[in-house]
Amino acid sequence: MNSEQRWKRIYQLMEDTPHAPPRRCSGAWFALNPALALGQQADCGVPATLEDGWTVAKPEEVGLDGPRLCAIAGRLRVTNANVHGVVIVRGGKLVFEQYFAGYDEPWGGDAGRYEFRATTLHDMRSFTKSVVSLLLGIALDRKLIANIDEPVTKFLPEYADVTAAGWDGITLRHLLTMSSGMQWDENLPWNDKNDEWHLVNDPDPLRYVVQKPIVFDPGTFFTYNGGGTGLLAKVIEKASGQRIDVFADEALFKPLGVHDWQLKDYRNGTPATASGLRLRPRDAAKIGQLVLDGGEWQGRRIVSAAWIADSIKPRLQALGLFGGLFYYGYQWWIGRTLVDQREVKWVAGQGLGGQRLIIVPEDQLVMMVTQGLYANGRQGQATLDLLANVVLPAVRAEDTR
C-alpha cells in the first residue's frame, strides 16, 4: 500500500466512525488528517512556478512523504503560531511552498495584518548576520582581506581617537563568533540602555561600538552582538570599495538569481547589516542550498567550500540564548533535533520574530519559515516543531518504504 492509498484509507475510516472528532481538534488529529486541516485542498504546498532558477518537483520525487507535509497548515492553525510562510527544498529541488495571512511588523511599514505570497518580501531580521558572513567569505576568496585573524582596528583608523582599551586584540574571527569580549546587552528594554538601540538611532553607530569596554578576554565568552556584525560589514566595505548592499548584489544575490531584495538602512542612512535584510522566503532558501552545496549554486561557485565548512563548524556554546540550546559558528547557529530517538544535526540562520532558515546536511534538506511573533517567547518554536514532527519524519517515512 503506497502513501496515497494509506491516507485515503485513513480518511475512509474517519468517515465510517460514528463518533466524529469535535470541531476543535487536537494537534495530533490534524497531524493525522491533513485533508481535514486544509479543507481537502488537493494541491496543498505546491510551489509557484516563477522561473527564478528553482526546479520544482513533487515531494515523492525527492523522497518525501507528501501527505505528511500536507498536514503543515492544520498543525500551524492549531498551534496559533502566526507563521507566514513555509518553504521546503530537498535534493536541490523546491517541493513545498505555502503562505498564510497574519500579523507582521515589517521594517519601515505599519504593524498589522498582511497577506503573504511567493513574491512577497519578508523581513529576515538577524538572519542578515549569516549573509554578512557569506559576504566576508567572498571578500576573503577574492583576496580583498588577508585572513580573519586581522585586527579589526586595522580597518577603522578613523575611530582611533575614541577606541576603548583592548580593542587592538580583537580580530575579525572574534567578531564572527561573537566572542570579542566587549560589554554588550541586547536584552534590556528598548531605550538607550539597550546596545542595539544605538545601532538604530545613533548618528554613527560604529563609533558607539568601538567605545564599548572590553570585559572578557577575546575568544573566551559568547555575547550575542549586532555591533560586531556592523563592524564586519564595514570591513567588507573598506576592502571592496563598495557599499555593502552593492557588493552583496554583485557578489551574492545576482549569482543566485535573486533580483527582488532589500537591505534597509538605520536612521542615520547606513545599511542595517545586523538585521535589515528583506527577501522572498524561496530566495532565502537559495542561501540555504548554497550552504548545503558547499558554496555553489547550480554548479556555479559563489563562495569557497572551505569558507562554508569553517562557517558552520561549532566554535562556541551560545550562552544566554535559548538556554544554551545552540552552538555558534561564523554568524551561523548549529543545533540538533531528536527524531525517532536519533539526533539529526542542522545549521540555521535565525532572526527576530521567528525567521528561520534550517539546513540539514545529512538529509539534503532546506527549510525556510517566516513568522510574526516579535517579542514573543514562542518565536521559532513552530519551526522546531515542524522539523521534528512533520518534515524529518516525512523523510524517514519515504526512506523506510
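In the stretch 211-232, the residues that are touching a residue at least 12 places away in the same chain (Cβ under 8 Å) reach residues that are charged (D, E, K, R) and in a loop (DSSP other than H, G, I, E, B) with C-beta atoms within less than 7 angstrom, at least six apart or across chains, in these pairs: Tyr224/Glu186; Gly226/Glu186. When the stretch 72-95 is limited to residues that are over 20 Å from Gly372 (Cα atoms) and of a type outside the set (D, E, K, R), the one that is nearest to the chain's Cα centre (by Cα) turns out to be Val89. Out of Val152, Val162, Val131, one residue alone is touching a Ser or Thr at 6+ places or on another chain (Cβ under 7 Å) and in contact (Cβ under 8 Å) with a residue 40 or more places away in the chain. It is Val152. Flag: Arg282 matches the condition of being basic (Lys, Arg) and closer than 26 Å to Leu256 by Cα. When Val200 is tested against (1) more than 22 Å from Asn376 (Cα to Cα); (2) within 22 Å of the chain's Cα centre (by Cα), exactly one condition is not met: (1). The helices (runs of 4 or more DSSP H) located wholly in the stretch 287-401 that include 2 or more residues which are in the same structural domain as Ala73 (by TED's automatic domain parsing) and in contact (Cβ under 8 Å) with a residue 12 or more places away in the chain occupy 381-386, 392-399. Check the stretch 85-102 and report whether any residue there is in contact (Cβ under 8 Å) with a residue 60 or more places away in the chain, farther than 22 Å from Tyr266 by Cβ and among the basic types (Lys, Arg). There is at least one residue in the stretch 85-102 that is in contact (Cβ under 8 Å) with a residue 60 or more places away in the chain, farther than 22 Å from Tyr266 by Cβ and among the basic types (Lys, Arg). Residues that are part of a helix (DSSP H, G or I) and either in contact (Cβ under 8 Å) with a residue 40 or more places away in the chain or not assigned by TED's automatic domain parsing to the domain that holds Lys234 (or both) within the stretch 165-193 comprise Trp167, Gly169, Leu172, Arg173, His174, Leu175, Leu176, listed in sequence order.
For the stretch 48-69, the condition of being in the same structural domain as Leu387 (by TED's automatic domain parsing), without any contact (Cβ under 8 Å) to a residue 12 or more places away in the chain, farther than 20 Å from Tyr114 by Cβ and in a loop (DSSP other than H, G, I, E, B) holds for at least one residue. The set of residues from the stretch 265-280 being in a loop (DSSP other than H, G, I, E, B), out of contact with any helix residue (DSSP H, G or I) (no Cβ under 8 Å at 6 or more places or on another chain) and surrounded by fewer than 17 Cβ atoms within 10 Å (Cβ to Cβ) comprises just one member, Gly269. Quick check: anything in the stretch 106-114 touching a Phe, Trp or Tyr at 6+ places or on another chain (Cβ under 8 Å) and either part of a loop (DSSP other than H, G, I, E, B) or in the same structural domain as Asp245 (by TED's automatic domain parsing) (or both)? Yes, the conditions are met somewhere in the stretch 106-114. Consider Pro218 carefully, then state whether it is surrounded by 15 or more Cβ atoms within 10 Å (Cβ to Cβ) and more than 20 Å from Glu158 (Cα to Cα). Yes.
Close Cβ contacts (under 6 Å, 6 or more residues apart or on different chains) running from residues in the stretch 243-263 that are more than 12 Å from Ala284 (Cβ to Cβ) to residues that are in a loop (DSSP other than H, G, I, E, B) comprise Ile244/Thr273; Pro255/Ile302; Gly257/Asp52; Gly257/Gly53; Leu263/Gly276. Taking the stretch 209-264 as the range and being under 25 Å from Lys193 (Cβ atoms), touching a helix residue (DSSP H, G or I) at 6+ places or on another chain (Cβ under 7 Å) and hydrophobic (A, V, I, L, M, F, W, C) as the test, the residues that pass are Val209, Val210, Ile214, Leu231, Leu232, Ala233.
The values are calculated or read from the model by the stated rules, or taken from the named source; none is laboratory data. As the structure is a computational prediction, the values presented were derived from the model and not from experiment. Reconstructed Cβ throughout: ideal geometry from the backbone, glycine too, with neighbour counts over all protein chains shown.
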